[in-house]
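The values are calculated or read from the model by the stated rules, or taken from the named source; none is laboratory data. Note that this is a predicted model, so its numbers are computed, not measured. So basically every Cβ, Gly included, is an ideal-geometry build from the backbone, and we count neighbours across all protein chains shown.
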Amino acid sequence: MPVSNSQLSQMFEHVLTLSKVTPNESVAILKSHYSDQRTVAAAFDAAQRLGAKVYGVELPAFNAPKAMGNDLTAYCGDTPLTGNPAAQRALEAADLIIDTMMLLHSPEQEQILKTGTRILLAVEPPEVLARMLPSLEDKARVQAAEKVLQTAKTMHIPSAAGSDFRMDLGQYPTVTEYGFADEPGRWDHWPSGFLFSWPNEGSANGTLVIDKGDILLPFKMYCRESITLEVENGFITGIKGGFEAEYLRDYMKYFDDPEVYGISHVGWGLQPRAQWTAMGLHDKNDGMCMDARAFDGNFLFSTGPNTEVGGTRKTPCHMDIPLRNCTVIVDELTVVNEGKVVAPTDSIG
Ligand SMILES: [Fe+2]
């Protein structure tokens, strides 16, 4: 159902208030020609209503020659900010950046965050922003789970579909996304509600079965058949199944880079207002489908780069793959049982 401009501005005011925007602060709205103009206008409006000093930074679009499709999450590497230090300085001068164009994780973005500037990404359609308007309760649930993940040494994923996947943890930090950027140097994304880390290098092993109904992003496709991934020492070594396995194999092969097969971030969804079914009600170019990444009790794993947390795998191909009905065991604690969040208690929605 459509969201009015007035409602959109009010929602931004709510999220910027949660992000601790004050009249003493500067807010930069980062945009490009493809930004949702209603989102840009609402962000300006809300920041002004809160008394902040607001300004726009407009960058040209950037198309990597090898990228396929319009999805902004599909291709990692250079961004419109690469080699543009003047624009970078303009963004570093802000206390908070509202990113309506999506700078994927990049050295330039990491540099901006290091200066203490906060970044809030908002690129989903207004109706999705409305359904998953973040709250302090979202933050509390995600942080309850963070306490468990950030000290964990192992993760094990069994499922009735046949997954039996294990890894060691601890080499890389835990990252939370709860929908607002309320700490200096924090990057967050409205909407979200999940957490993740990365397996220790070379430690991910076993079988991951992408079952019927599981989702392949950025294809924005519900699988109609199962795909079996064999993982050895941190890398996918086999992609088996029917047509959909063949499609996935061919897509990854196109990048001609062995690092695309690395296992990247792993974690689980904690957002009850995110819906497994929502992707079916949107066109592929409506957004990036955060519903799929955040729905309660998913096991979300991904492939490709790990440079955003200091790893060495710099590769453009990135797949996010949320699985349903998995069990997620962190050390000895079952946090998700057959697709249902069961622990810690404070993380249950
Ligand atoms: Fe991802």
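For the stretch 317-336, taking the residues that are part of a strand (DSSP E or B) and among the β-branched types (V, I, T), the one that is nearest to the ligand (Cβ to nearest atom) is identified as I321. Quick one: what pairs do we get from the stretch 279-292, first residue polar (S, T, N, Q), second in a loop (DSSP other than H, G, I, E, B), C-beta under 7 Å, 6+ apart or different chains? Within 7 Å, the pairs are N285/N70. Note on the stretch 277-308: residues that are of a type outside the set (A, V, I, L, M) and assigned to a helix (DSSP H, G or I) amount to 8. Of the helices (runs of 4 or more DSSP H) contained entirely in the stretch 102-165, those carrying at least 3 residues that are closer than 19 Å to F295 by Cβ fall at 126-131, 136-149.
Once the stretch 281-316 is narrowed to residues that are closer than 14 Å to N200 by Cα and away from the ligand (no atom under 11 Å from the Cβ), the residue that is surrounded by the most Cβ atoms within 10 Å (Cβ to Cβ) is R313. Whether any residue in the stretch 125-132 is in contact with a strand residue (DSSP E or B) (Cβ under 9 Å, 6 or more places away or on another chain), more than 25 Å from A204 (Cα to Cα), at pLDDT 95 or above and buried (at least 18 other Cβ atoms within 10 Å of the Cβ) is what I want to check. For the stretch 125-132, residues in contact with a strand residue (DSSP E or B) (Cβ under 9 Å, 6 or more places away or on another chain), more than 25 Å from A204 (Cα to Cα), at pLDDT 95 or above and buried (at least 18 other Cβ atoms within 10 Å of the Cβ): present.
Conditions tested, residue by residue: (1) in contact (Cβ under 8 Å) with a residue 24 or more places away in the chain; (2) closer than 30 Å to K253 by Cα.
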site	(1), (2)
A42	yes, no
D45	yes, no
Q48	no, no
G83	no, yes
D99	yes, no
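Per the listing E232, E225, the residue uniquely of a type outside the set (A, V, I, L, M) and closer than 24 Å to V309 by Cα is E232. Looking across the stretch 253-301, just one residue is closer than 18 Å to V123 by Cβ, polar (S, T, N, Q) and touching a Ser or Thr at 6+ places or on another chain (Cβ under 8 Å), and that is Q271.
Say whether the condition of being more than 17 Å from I227 (Cβ to Cβ), polar (S, T, N, Q) and buried (at least 22 other Cβ atoms within 10 Å of the Cβ) is met by at least one residue in the stretch 150-168.
From the stretch 150-168, those more than 17 Å from I227 (Cβ to Cβ) are 150-156, 158, 166-168; that's our starting set.
Then keep just the ones that are polar (S, T, N, Q); that gives 150-151, 154.
Okay, now just the ones that are also buried (at least 22 other Cβ atoms within 10 Å of the Cβ), so none.
Scanning the stretch 150-168 turns up no residue that is more than 17 Å from I227 (Cβ to Cβ), polar (S, T, N, Q) and buried (at least 22 other Cβ atoms within 10 Å of the Cβ).
Residues of the stretch 175-207 that are more than 20 Å from the chain's Cα centre (by Cα) and in a strand (DSSP E or B): N205, G206, T207. In the stretch 205-217, the residue that is nearest to D286 (Cα to Cα) out of those that are out of contact with any helix residue (DSSP H, G or I) (no Cβ under 9 Å at 6 or more places or on another chain) and within 16 Å of the ligand (Cβ to nearest atom) is D214. Taking V266, is it in a strand (DSSP E or B), more than 15 Å from the ligand (Cβ to nearest atom) and either hydroxyl-bearing (S, T, Y) or buried (at least 21 other Cβ atoms within 10 Å of the Cβ) (or both)? When the stated conditions are applied, V266 does not pass them.
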